[in-house]
Structures are given as structure tokens and as C-alpha cells.
1. Pull up all non-local amide H partners of VAL27: gap of 5 or more, or a different chain, and H-to-H distance under 5 Å with H placed in the peptide plane.
2. Under 1.5 on a/c is rounded, so check that first for the stretch 190-285, then, if it is not, pick prolate when a/b is larger than b/c and oblate when it is not; a ≥ b ≥ c are the square roots of the alpha carbon gyration tensor eigenvalues.
3. Of the peptides 103-109, 249-255, 119-125, how do they stack up when ordered by the mean number of other Cβ atoms within 10 Å, highest first?
4. In what sequence do LYS154, LYS37 fall when counting other Cβ within 10 Å, fewest first?
5. Which whole-Hz couplings ³J(HN,Hα) result when phi for each residue of the stretch 240-254 is put into the Karplus expression 6.51 cos²θ - 1.76 cosθ + 1.60, θ = phi - 60°, listed in order with x for Gly and Pro?
6. Can you list the residues, at least 5 places off or on another chain, whose amide H is less than 5 Å from the amide H of ASP219, using H built in the peptide plane?
7. What span do the alpha-carbon atoms of the stretch 102-211 cover on each of the three principal axes, reported in whole Å from largest to smallest?
8. If a/c stays under 1.5 just call it rounded; otherwise compare a/b with b/c (prolate if a/b is bigger, oblate if not). Do that for the stretch 250-318, with a ≥ b ≥ c from the square roots of the Cα gyration tensor eigenvalues.
Amino acid sequence: MPLKVIDRDGWLHIHGSMEGRRIRKSVGLRNTKENRKLADKQRAGIEGEILSGGLMSKDVHLSRAKVVDALRAYEAHKIYNLKRQTGDRAVIKMWIAEIGDEKTVDLSPKYFLAWTSEKRADGLKDSTIRQYLKVLQRALNWAEDNGYCLLPDKFKIPKPPSGAPRTRFLEDWEVRDLKACASPWFRDVLTFLFGTGARTIEMLRLKWEHVRWREGEPDEVLLHNMKGRERTERWRSVPLPPDVAGVLKRLHEAQGKPREGFVFWNAAGNRPLHDCERQAVYEAWESAATNACVYDCHPHDSRRTYASKLLDEDVDIAIIAELIGDSDMSIVAGYARVRGSNKRSVVRSKLQYDRA
């Protein structure tokens, strides 16, 4: 009997038998449409574990366990529970192809130093290399803690040092030129990003039911993001400046004044941006930046620009942290960069030695 997801007193369970193994497992989630999808992914992971021939079984002698055993166990039992996106799974697949046949007990820091040098020579950035190594370290640590493998004593993967945090924000003229050179649909996206400090994924997830109206005008939006290792959902309310409110009102009327559904759609207007590859947003940004001759800028720089603009207006840093959804005040403090125009005005108005 194949495995299936069933409801028991409002909670989801995985039941069934495969390859002579009887499975009775609680998913730990309430029976909702969204949780059903997560339970189906977990069921598929358990089926893959069984069909792999028992490689992820705890009966495997730890001293003989291979990297592939540990990584498949992590993928089946941890990634699905954390509702992670496909990023970690792609990295896990890469590591299985690279070192899957190696015994975990034989792993050496020297190998990863050589691997880092090789990837640097191939043009991979240190930040990307560091992320790949962090995913592997996290997976191996979990596998050892849960009895799927054995690592060398005090095993730690050496990683490239993290560079200085990015401090790029856009000047007012750069924002204007970027919007002027963007296609009409992406100009609305840019107005929203620079006017709310939203993350790209928050913009993609925005629905009409998350827009609050006052006297027939959009007044504020509710943005949400998945934060932390447990991927908990966090919401915040952001008031709308007049230009963003105007964009949302126009889009609402153009879409027939819907009460629900995604706000931002693609250029053709036949698919929500949420259903498209996020890469489409990055490509549209790069095209507009190239045409506007605005260099070294990325979509996330809109958040830094938004925070810097508020700091210029002497807005309290705690309020800015709440608006942009950053609980780490050190990150928000990093946005406190004096803009070029302000430096000139400060020097010209304050640094006068011959005043009476």
C-alpha cells in the first residue's frame, strides 16, 4: 500500500507501507490546503528514502556512512519541515555530485580549502562559495546529531571571510533615471520598491487583500516575509506615500477592482509576477540600469535607499527598523550613511569659522 497523507483529529499524518516498511508518522501540521502541500512533499521525501535502498537508515554503521547518506537524510527530514525554498535543495544536490561517495569520517578541511581555490579560479564569488559551504556544514552537523553519520573530531569547514557589508544606495537622480528607462510595468514595481522599502519577495507576494484603503485611496500595505531558521512568517504594516498609492489605485482599476489576488503582473498582463521566475525582476532591473547608465546597483539597494532617505529626514532609527522589517539594529544603523548632497550642505552651513 503506497504512502498517503490522512487527517486525524484535524492533524496531518503519513500512513502506509512500502518495501516491507510500515510508516506511521505525524507531520505536525494542521489540516489546511497549504499544509497539505507540505505534507505531500514530506511524504515524497520518505518514499525517496525508502526507494534509495535504505541508504538513509540509521542501521548503517556510522564509521562507514557516506556524505550522500547524511545529505539525503537532511533533505528528507529537515528541509521539508523548515519549508525551505529550492535553494538549499539545489546546493545539496551539487554536494552529492561533488563528494557524495566520500565517507563523512574522512572529510578534511584541506579538501575544502582546495575546493574554494578551484571555485575562485572558475569565477565564483566568495559570498556564493561561503553560502555553499554553510549549507553543507549545517546539513552534516544535523546528520551527526541525529545519528546518520560520524564526523571527524571538532570538524569545521573553512570558509572565505565575509567582506564588508554593502552600503550602496541610489541618489535621487539615479532613481529618476532608473524609472525613466524602465518599461511601464517595471516602472510601477520600482515605484513600489523605492516607496515602501519592501524586499523583492515581499513585492511578489503582495495581494489585494493585504492593501488597506481609506476613503477610496490605498493607505497602507501589509508585507510579510519568512524569517529565521524556522522560517516563521512575520508581518509588518507600511504606510504608502502618494506616488505608490497612485500606482496601486491605477493597477486596481486596470484589473477590474478585485478584492483578492496578486497585485503585480508581468508585462503581458497574463500571469502574476509571483508565478514567474524572480529572475525576470532582476533582468528588468539590469536592463533599466544599463539604459540609465546607473552602475553597481541591485534590487535590494532600494531598501537601503528607502532607509537612507528617511534618515535624511531625521526619522527615528527605531521607526525605520519597524518600517523595513529589520529587527537587528546594527543592520539599520549601517544605513546611516550621509548622502553626498547632505555632506555638501552640512559643510557649507556648519563649517564657518569666521561667523560672529
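1. Result for VAL27 returns LEU12, HIS13, ILE14.
2. Note, shape of the stretch 190-285 comes out oblate.
3. 103-109, 249-255, 119-125
4. Exposure proxy ranking, most exposed first: LYS154, LYS37.
5. 9, x, x, 5, 5, 4, x, 4, 5, 5, 5, 5, 5, 5, 5
6. Under 5 Å from the amide H of ASP219 lie the amide H atoms of ARG212, TRP213, ARG214, each far enough along the sequence or on another chain.
7. In descending order, the Cα extents are 56, 38, 21 Å.
8. oblate
Read-outs throughout are calculated quantities, based only on the coordinates presented, and are distinct from any laboratory measurement. The structure displayed is predicted, hence computed values, not measured ones. Virtual Cβ from ideal backbone geometry, glycine too; neighbours counted across all protein chains shown.
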